[in-house]
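The values are calculated or read from the model by the stated rules, or taken from the named source; none is laboratory data. Predicted, not measured: the structure shown is a model, and the values here were computed from it. All Cβ positions, even for glycine, are placed from backbone atoms using ideal geometry, and neighbour counts span all protein chains on display.
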Amino acid sequence: MIGILASVIDGILVGAVYGLAAMGLTLIWGVMNVINLAHGAIIVIGMFILYVLVYSFGAEPYVAVPVTIVVTFVFGVALYWISVHRMIGQAHLMSLLSTFAVNMVLIGLGTAWWSTSPYNVPVNVPGISWQRYTFTGTHIAAAIVAAVIAGLLWLLLHHTRIGKAIRAVSNNRQAAELCGIPTTQVLAMAFGLGVALAGVSGTLIATLFPFTVLSGDAYQLKSFVVTVLGGLGSPAGALFGGIALGLVEGIATPFMSVSWIPVLEFGLFILCLIAFPRGIFSFMKD
């Protein structure tokens, strides 16, 4: 019984990172109705930023967190102007194809530079022992960092001028323009924030698990599941959806093979689409 409870708690800790990854996806959708299919590749960028900083510059692993946020934010703004700006207001298929093309380019470049070999960044963080089980320190640290970043995002969206501008554009772009808000710049800022959230989640994931250039696909799929659980366009819902997904994984892991976990997750995905099409946590949407 203690082992099951420990597995559940561990799943919730990892789920907080899933939620952070999905927050980037749902923020972009909520502001500009764009589904970013380069989301997984951007998560991988965050992973390799950690790898480069640790092995090439000897940096402490968690120093990579602010560096990743800055680098991927700038990259996200540039990506908006290159591949998304002209797709705003067009059919959803246009932005899907555009971001999917970016995804393939990033995977191709990553494969050329890094191959598809697995990489690992050893991170030493003391764990917490309880009964006969030790909670991994990296899982605890990743969950804390994810919660802090989510809290900072909430403060940004609710207590800063740029955050209020993002929310205004999300609610009604035409009305925001009439109020003098530079909506194009706000959209670029919001896309950059969404990409930065994806990138920093990749950095945190890389402190937990080995990764390859192709690892992003699995986490992108998890982000879609979390987004549906949390409700499209709800960053707070995405965080709780990620925790819920981690909870499901934690409960299921002691009772079934790891290979069955994706089946369970996408079964939950389908069930949620049927029973809660707006998301279980959609009430948390601003």
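Results, tabulated for the structure shown:
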quantity	calculated
Set Ala112, Ala21: member being of a type in the set (Gly, Ala, Ser), under 19 Å from the mean Cα position of the chain (by Cα) and under 17 Å from Ser215 (Cβ atoms)	Ala21
Boolean, Leu229 is crowded, with 24+ Cβ neighbours inside 10 Å and not charged (D, E, K, R)	yes
Residue pairs meeting the criteria (Cβ under 7 Å; at least 6 apart or on separate chains; first under 14 Å from Gly192 (Cβ atoms), in the stretch 153-169; second among the aliphatic types (A, V, I, L, M) and loosely packed, with under 15 Cβ neighbours inside 10 Å)	Gly163/Leu156
Subset of the stretch 51-93 [at pLDDT below 90 and surrounded by 14 or more Cβ atoms within 10 Å (Cβ to Cβ)]	Ala59, Met87, Ile88
Val52 being in contact with a strand residue (DSSP E or B) (Cβ under 9 Å, 6 or more places away or on another chain) and either closer than 15 Å to Ser201 by Cβ or of a type in the set (A, V, I, L, M) (or both)	no
From the options Gly199, Gly279, residue that is of a type outside the set (A, V, I, L, M, F, W, C), in contact with a helix residue (DSSP H, G or I) (Cβ under 8 Å, 6 or more places away or on another chain), part of a helix (DSSP H, G or I) and crowded, with 16+ Cβ neighbours inside 10 Å	Gly199
Val121 under 24 Å from Thr138 (Cα atoms), touching a residue at least 24 places away in the same chain (Cβ under 8 Å), under 21 Å from the mean Cα position of the chain (by Cα) and not in a helix (DSSP H, G or I)	yes
In the stretch 112-139, the residues that are surrounded by 14 or more Cβ atoms within 10 Å (Cβ to Cβ) and either among the acidic types (Asp, Glu) or within 29 Å of Ala78 (Cα to Cα) (or both)	Trp114, Tyr119, Val121
The one condition in (1) touching a residue at least 24 places away in the same chain (Cβ under 8 Å); (2) assigned to a strand (DSSP E or B) that Leu79 fails to fulfil	(2)
Extreme residue, surrounded by the most Cβ atoms within 10 Å (Cβ to Cβ), among residues of the stretch 206-226 that are within 13 Å of the chain's Cα centre (by Cα) and among the aromatic types (Phe, Trp, Tyr)	Tyr219
Residue match in the stretch 172-185 (condition: more than 30 Å from Leu53 (Cβ to Cβ), assigned to a helix (DSSP H, G or I) and in contact (Cβ under 8 Å) with a residue 24 or more places away in the chain)	yes
